[in-house]
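What follows is calculated from the coordinates using simple rules that are stated; it is not laboratory data. What you see is a predicted model; the values in this text were computed from it and never measured. Every residue, glycine as well, gets a Cβ built from its backbone with ideal geometry; the counts of neighbours run over all protein chains shown.
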Amino acid sequence: MSAARLNIEEVSWGPSRSLTLLHPVSLALEPGACLGVVGANGAGKSTLLRLIYRYLKPRTGRILLDGDDLWKMSARQTARKVAAVLQEQPTDFALSVREIVALGRRPHLSGLASPSGRDQEIVAKALSDMQLQGMSSRRFGTLSGGERQRVMVARALAQEPTLLVLDEPTNHLDIRHQLEILELVRTLPVTIVTSLHDLNMAASLCDQVLILSSGRALAYGPPAEVITPHHVDAAFGVVCHREELQPSGRPHLTFSLPL
């Protein structure tokens, strides 16, 4: 896997000319960096992610991967570069876990060609990274929500993207698997865009953070400069307090309702 440079230039979207859900947003992300997108429900996080993985076409602006316009690529070219792990997961797949993960190799195969030995090795490593070897023969529909989430992350890894989009990747996961996925994300040699509800998690995981509020960019930059009580109060309508954890001395945010 390699990492792409991501440039978002004045990108906006809405279902009609009279309704805009995401106002123009611009940012630049270096290869291998991790961008966290945070904000209250309805702030525009999912809309931005859908634009980045080419589910929605921008009303204005453009999205560039290594200088190439995402919407000037073919769907196959995009699938070789961009992988997405979404919150919504089908539950009625009759395929096994291994078969689901192997679907990540389809963009790299020609026509009806069978997977090569290398393809099978990549699938096996993705299963191993997500600790799924013991359930590789199970039907996807029999898995718990957390197990399905790990399978979909494994499928994205098998795709070998240069840009990985994660929509709330720790949803449905217990604490151990949350930590394991976050540790894995930190080590992946790809560029990552992820939406997160946990601001402390975003501060520890991400190189850059974008805070959205009512479809507009409220702040963008390194976590220490962006995830501040001032910005959090404005974006979420809460009172944010910055504290220090002991004995590590690491900053930690707590929240309360305004009086």
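Is it possible to state the helix-based mean residue ellipticity at 222 nm for the chain, with each DSSP H run of 4+ residues giving -39500 (n - 2.57), the sum divided by total residues, to the nearest 500 deg cm²/dmol? What is it?
On the way: 9 runs with 80 residues, N = 259.
Rounded to the nearest 500, the figure is -8500 deg cm²/dmol.
Comparing S26, G221, V85 along the charge dipole axis of the chain, the residue lying farthest to the positive side is V85, per the Cβ-charge model. Assuming charge only on the beta carbon of Lys and Arg (+1) and of Asp and Glu (-1), the dipole of the chain about its Cα centre is about 880 debye to the nearest 20.
Estimated at 0.36 nm per residue, the fully extended path between R250 and A28 surpasses their Cα-Cα distance by 77.2 nm. With both labels modelled 7 Å from their Cα along Cα-to-Cβ, the E9 to S214 distance reads 2.9 nm. Scoring 58-65, 176-183 by mean Cβ neighbours within 10 Å over their residues and listing the highest first yields 58-65, 176-183. The Rg/Rh ratio for the chain is 0.98, where Rg is the radius of gyration of the alpha carbons and Rh is the Kirkwood radius. Under the criterion of Cα pairs below 8 Å and six or more residues apart, the relative contact order for the chain equals 25 percent.
Simple spin-label estimate for K72 and L257 gives 5.2 nm between the two label positions (7 Å along the Cα-to-Cβ direction from each Cα). In order along region 192-208, the Karplus-derived 3J(HN,Hα) couplings, from 6.51 cos²θ - 1.76 cosθ + 1.60 at θ = phi - 60°, round to 10, 10, 9, 8, 9, 8, 7, 5, 5, 5, 4, 5, 7, 8, 9, 7, 9 Hz, and Gly and Pro are given as x.
How long is the gain from N200 to D233 if the chain were fully straight, where each residue apart is worth 0.36 nm and the alpha carbon distance is subtracted? Display every interim value, and only then the final one.
Working: separation 33, 0.36 × 33 = 11.88 nm, distance 1.47 nm.
Once the chain is fully extended between N200 and D233, it gains 10.4 nm.
Per residue, the average separation of C-alpha pairs within less than 8 Å and at least 6 apart gives region 108-259 a relative contact order of 13 percent.
By the scheme Lys and Arg +1, Asp and Glu -1, what is the net charge of all other residues having a beta-carbon under 15 Å from that of G249? Working shown, then result.
On the way: positive: R242, R250; negative: E243, E244.
Combined, the nearby Lys, Arg, Asp and Glu give 0.
A simple count of charges around P15, restricted to other residues whose Cβ falls under 14 Å of its Cβ and scoring Lys, Arg +1 and Asp, Glu -1, yields +4.
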